[in-house]
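Visitor: A single structure is presented below for examination.
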Amino acid sequence: MKDKAQQASPAMHPAVRETYGPADLSAEPLFAGGFINFGYWQAIALDQPLGEAERIRSQEDLYRRVLDAADVPAKSQILEVGCGLGRGCALALREYGPATVTGMDIHPDQVRRARAAHAETIRREPGLLRFVQGAAERMPFDHPGFDAVISVEAAQHFTDLGAFAAETSRVLRPGGRLALAGFFTVDDAPGRPGELARLLDTFASGLDIARPVSALTDALTAAGLTTVRAASIGAHVWPGWDLWLSRWWDAGTWPRNFLHAYEQHILDYYLITAERPRQRG
């Protein structure tokens with residue numbers, strides 16, 4: 001599998017460019033350990049004090065949930081779309097025995113940070129772990145070469161879910177699987193984007209895009225992927241995330257409205273899986 005030498009990426013929204021560039025969201029204590037996700041809190045006691053160890057565990061567990069859903073075989077080739085600092089890529093290397101892991105991110109600053117954070121692994125075992133710049137809607141790979149495509153809490157930024165689905169289908173090998181975790185509206189009611197913009201600054205600024213989960217599952221089906229499923233995992237995301245937020249934010253402030261939007265059946269957190277059909281004959 002060769003990377004495309006030259007390929008223009010879709011323009012980044014200014015909020016995305018700032019948040020993952022100069023602002024460096026990964027450096028915020030809110031996202032302890034350099035991960036950037038809300039966490040999967042099923043194995044963590046929420047009636048006990050939460051510290052950085054529990055927070056990091058929640059973020060790692062979200063990756064484990066996604067990687068388990070991808071059902072990656074040993075010695076597989078894994079692509080993460082929207083890899084950030086590559087902490088999830090490193091976890092996949094440690095725990096899932098792949099042949100290679102490729103982390104892809106649209107933001108050049110994130111790619112640079114990921115390469116710096118994992119420089120020793122890259123130096124010690126060339127080819128095992130790499131980070132490339134590329135967009136979800138236009139991936140810089142010429143041929144199908146991945147056994148699994150994963151994505152953790154990045155799809156809310158993708159400008160075109162249809163293009164992402166088509167690219168995922170293109171880069172997966174026959175029999176390869178997609179596993180994606182992210183938040184979407186529960187339906188396509190016309191008022192949902194406005195509701196979320198009023199509740200949450202990230203939707204008002206354009207950093208996050210309000211779309212129903214069916215927009216992604218329909219796009220994956222249209223791209224030729226099969227066994228497309230979306231399962232709510234919000235019960236193991238939103239309460240723990242809100243409790244962690246309470247260390248910095250009071251009730252009634254906008255970040256605490258993620259839980260409110262979930263409780264009002266406006267927004268939920270989903271695990272989406274799909275497979276590229278195997279070739280017949």
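The values are calculated or read from the model by the stated rules, or taken from the named source; none is laboratory data. Remember, it's a predicted structure, so these values are computed and weren't measured experimentally. Note: accessible area is taken over every heavy atom of the protein model, side chains too, but ligands, DNA and RNA are not part of it. Shrake-Rupley method; radii C 1.70, N 1.55, O 1.52, S 1.80 Å.
Visitor: Not counting ligands, DNA or RNA, and with a 1.4 Å probe, what is residue 263's accessible surface area in Å² rounded to the nearest 10?
Guide: 100
Visitor: Using only DSSP helix segments of four residues or longer, with each worth -39500 (n - 2.57), what per-residue ellipticity at 222 nm results for the chain after dividing by its residue count and rounding to 500?
Guide: Only helices count here, giving -10000 deg cm²/dmol.
Visitor: For residue 235 and residue 27, compute 0.36 nm times the residue count separating them, minus their Cα-Cα distance, and round to one decimal in nm.
Guide: Answer, rounded to one decimal: 72.2 nm.
Visitor: Still on this structure: If you line up the long axis of helix 52-70 against the longest principal axis of the chain, both from Cα atoms, how many degrees apart are they, to the nearest 10?
Guide: Here the helix axis deviates by roughly 50 degrees.
Visitor: Given a 1.4 Å probe and the protein chains all in place, what does the accessible area of residue 170 round to, in Å² to the nearest 10?
Guide: 60
Visitor: Based on alpha-carbon atoms only, what is the radius of gyration of the range 6-102 relative to the globular estimate 2.2 N^0.38 Å?
Guide: So the range 6-102 has a normalised radius of gyration of 1.22.
Visitor: List the relative contact order of the range 24-126 as a percent without decimals, with contacts defined as Cα pairs under 8 Å and 6+ residues apart.
Guide: 22
Visitor: Regarding the chain, what are the three Cα extents along the principal axes, ordered largest first, in Å?
Guide: So the three principal-axis extents are 55, 42, 35 Å.
Visitor: Oh, and also: To the nearest 10 Å², what's residue 89's accessible area with a 1.4 Å probe?
Guide: We get 0 Å² for residue 89.
Visitor: In Å and on Cα atoms, what radius of gyration and Dmax does the range 52-160 show?
Guide: Cα only, the range 52-160: 13.2, 41 Å (Rg, Dmax).
Visitor: While we're on this one: Count the DSSP beta bridges whose two residues both fall in the chain, then state the antiparallel fraction as a percent rounded to the nearest 5.
Guide: 45
Visitor: Let me ask another. What do you get for the angle between helix 108-117 and the principal long axis of the chain? Use alpha-carbon atoms, 0 to 90 degrees, nearest ten.
Guide: 80
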